[in-house]
Amino acid sequence: MANIAIQRIKREFKEVIKSDEAQKCAINVELVGDDYRELRGEIAGPPDTPYEGATFQLEIKVPETYPFNPPKVKFVTKIWHPNISSVTGAICLDILKDQWAAAMTLRTVLLSLQALLAAAEPDDPQDAVVAKQFKENHSLFLQTAQYWSHVHAGVPKGNSEFAKKVRCLQDMGVGEHQALVALSSCNWDVDRAIEQLFS
Amino acid sequence: MTVVVLEEDSTITMATARAPTASDSTHSDNSSSNPSGGGAEGGGDDVPDNSNFECNICLDTAKDAVISMCGHLFCWPCLHQWLETRPNHQTCPVCKAAISRDKVIPLYGRGSGNQQDPRDKLPPRPSGQRTEPEPQGGFMPGLGLGEAGGFQFHFGIGAFPFGIFTTFNNWGGAAAVPPAPGTQQYQEERFLSQVLMAMGLLFLFWLIFV
């Protein structure tokens, strides 16, 4: 990897570790391997959102041309959010694409992602199903996102009614995550979810 | 998506193209003594005092420092590579103000003996590109009317009788770029235009009086 990329990532790594946000456990980075090519990021779900209390793991890949091109970031932890694919974890955020600027760092990227969790942009969606629910049935979206945080991102409490519906599908031999996806995208209508799963 | 977290200490100024270009700035070119810029190089790990003079791209102490009109410091090699990465969309990496090669100012510290413009160093400075200005329109000074400059005489007759004289200007297709005054071609065209003008007037008289 180009020298400037390694130098910078090393500095940024220290910057994140020492930052105030890291002290408050809002963001964190860890090394994956020892060549600074790939990192594991972590952000806490922002307060007053359905992601509150959750911890999300991110995969950060540093390209050869860093910092002139953005790092490749995606969610490893499954999340229900209009701008993040519920299937792949791919993120739709302009600063990770054409609005990248060389002065941005790991720290600002992680904070931007945290801000994205608090302020979704349903008109520029990555996951159309989530965005549709966000716009048309916002309260259900909030409950769904909270339930995903419970199932995947370590939030202790979850909606018991949703849990019952998931278990109902699991009894039919459907995997837990598969059941969760089907129910979430069918607005928790069990009959429609079954239809979608078995057609 | 428009969620951006910028550095808190970076003032967001929207300084767009308004400054005099630095392209004609001159520098004493005594390329004799030590070529290294800015003393403490490499930037040790724990030197927080130096952070004000770190390049915003490589985060190291700026070498061959340049500063943008919006006040952000860079190594010239770093900034050059950034500008090369996005030739059509040159913005400041910190505040996204419009910047360009000619709108950055090289910084010369006392320690740096070599006062060469950093922009001249790494990528050889491109030579100036000069295009000839568009020639002033109008080569029809016929009958003393066109001497003022841009006057062009169009003469057209519709249906009657044969539509012989349409626009004079496009005669021979030579009207696109009028020849420079003083050349032989200019003289010829001037003569031609006067002949045509006379013919046109004669035709008018013929129409009216016959």
- Task: Keeping to the stretch A:1-30, report how many residues are among the acidic types (D, E) and free of Cβ contacts under 8 Å to residues at least 24 places away in the same chain.
- Result: 2
- Message: touching a helix residue (DSSP H, G or I) at 6+ places or on another chain (Cβ under 6 Å) and open to solvent by less than 60 Å² (accessible area, probe 1.4 Å): which single residue out of A:V181, A:V129, A:V109, A:V190 fits that description?
- Response: A:V190
- Message: Please determine whether any residue of the stretch B:66-84 is among the charged types (D, E, K, R), closer than 23 Å to A:Q99 by Cβ and either part of a loop (DSSP other than H, G, I, E, B) or more than 11 Å from chain A (Cβ to nearest Cβ) (or both).
- Response: no
- Note on the structure: Listed by first then second residue, the pairs whose first member lies in the stretch B:87-98 and is more than 7 Å from chain A (Cβ to nearest Cβ), whose partner is modelled with pLDDT of 90 or more, with beta carbons under 6 Å and at least 6 positions apart or on separate chains, are B:Q90/B:L83; B:Q90/B:I99; B:C92/B:S68; B:C92/B:C70; B:C92/B:H72; B:C92/B:I99; B:C95/B:C70; B:A97/B:C70
- Task: Just give me the residues in the stretch A:20-43 being over 22 Å from A:S149 (Cα atoms), surrounded by 18 or more Cβ atoms within 10 Å (Cβ to Cβ) and in contact with a helix residue (DSSP H, G or I) (Cβ under 8 Å, 6 or more places away or on another chain), in sequence order.
- Result: A:Y36, A:L39
- Just one listed residue, out of A:V155, A:V174, is surrounded by 19 or more Cβ atoms within 10 Å (Cβ to Cβ), away from chain B (no Cβ under 14 Å) and over 26 Å from A:N28 (Cα atoms), and it is A:V174
- Query: If A:E64 satisfies every condition in (1) at the interface with another protein chain (Cβ under 9 Å from one of its Cβ atoms); (2) modelled with pLDDT under 95 but one, which is the exception?
  - Reply: (1)
- Given the conditions (1) surrounded by 15 or more Cβ atoms within 10 Å (Cβ to Cβ); (2) within 19 Å of A:P82 (Cβ to Cβ), report the number of the one that A:S139 does not fulfil. (1)
- Task: Could you identify the single residue in A:L197, A:L113, A:L169 that is assigned to a helix (DSSP H, G or I) and within 19 Å of A:Y51 (Cβ to Cβ)?
- Result: A:L113
- Taking A:T77 as meeting all but one of (1) without any contact (Cβ under 8 Å) to a residue 40 or more places away in the chain; (2) under 17 Å from the mean Cα position of the chain (by Cα); (3) assigned to a loop (DSSP other than H, G, I, E, B), write down the number of the exception. (1)
- Message: Cβ-Cβ under 9 Å, sequence separation 6+ or interchain: first residue in the stretch A:186-199 and basic (K, R), partner open to solvent by less than 100 Å² (accessible area, probe 1.4 Å) and outside any helix (DSSP H, G or I). Which pairs?
- Response: A:R192/A:C186
- Query: In the stretch A:88-106, what count of residues is obtained for those that are free of Cβ contacts under 8 Å to residues at least 24 places away in the same chain and open to solvent by 30 Å² or more (accessible area, probe 1.4 Å)?
  - Reply: 3
- Can you name the residue in the stretch A:50-74 that is under 14 Å from the mean Cα position of the chain (by Cα) and touching a residue at least 60 places away in the same chain (Cβ under 8 Å) and, of all such residues, is farthest from A:V29 (Cα to Cα)? A:P50
- Query: Out of curiosity, is A:G53 among the small types (G, A, S), touching a helix residue (DSSP H, G or I) at 6+ places or on another chain (Cβ under 9 Å) and either within 14 Å of chain B (Cβ to nearest Cβ) or on the phi > 0 side of the Ramachandran plot (or both)?
  - Reply: yes
- Could you grab me the full set of residues in the stretch A:121-138 that are at the interface with chain B (Cβ under 9 Å from one of its Cβ atoms) and either closer than 23 Å to B:P93 by Cβ or hydrophobic (A, V, I, L, M, F, W, C) (or both)? none
- Inspect the stretch A:20-33 for any residue being more than 11 Å from chain B (Cβ to nearest Cβ), in a loop (DSSP other than H, G, I, E, B) and over 26 Å from A:A118 (Cα atoms) and give the result as yes or no. yes
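The values are calculated or read from the model by the stated rules, or taken from the named source; none is laboratory data. Model, not experiment: these values are computed from the prediction. Quick reminder, even Gly has a Cβ in these numbers, built from the backbone with ideal geometry, and neighbours come from all protein chains shown. For accessibility, only protein heavy atoms count, side chains too; no ligands or nucleic acids. Shrake-Rupley method; radii C 1.70, N 1.55, O 1.52, S 1.80 Å.
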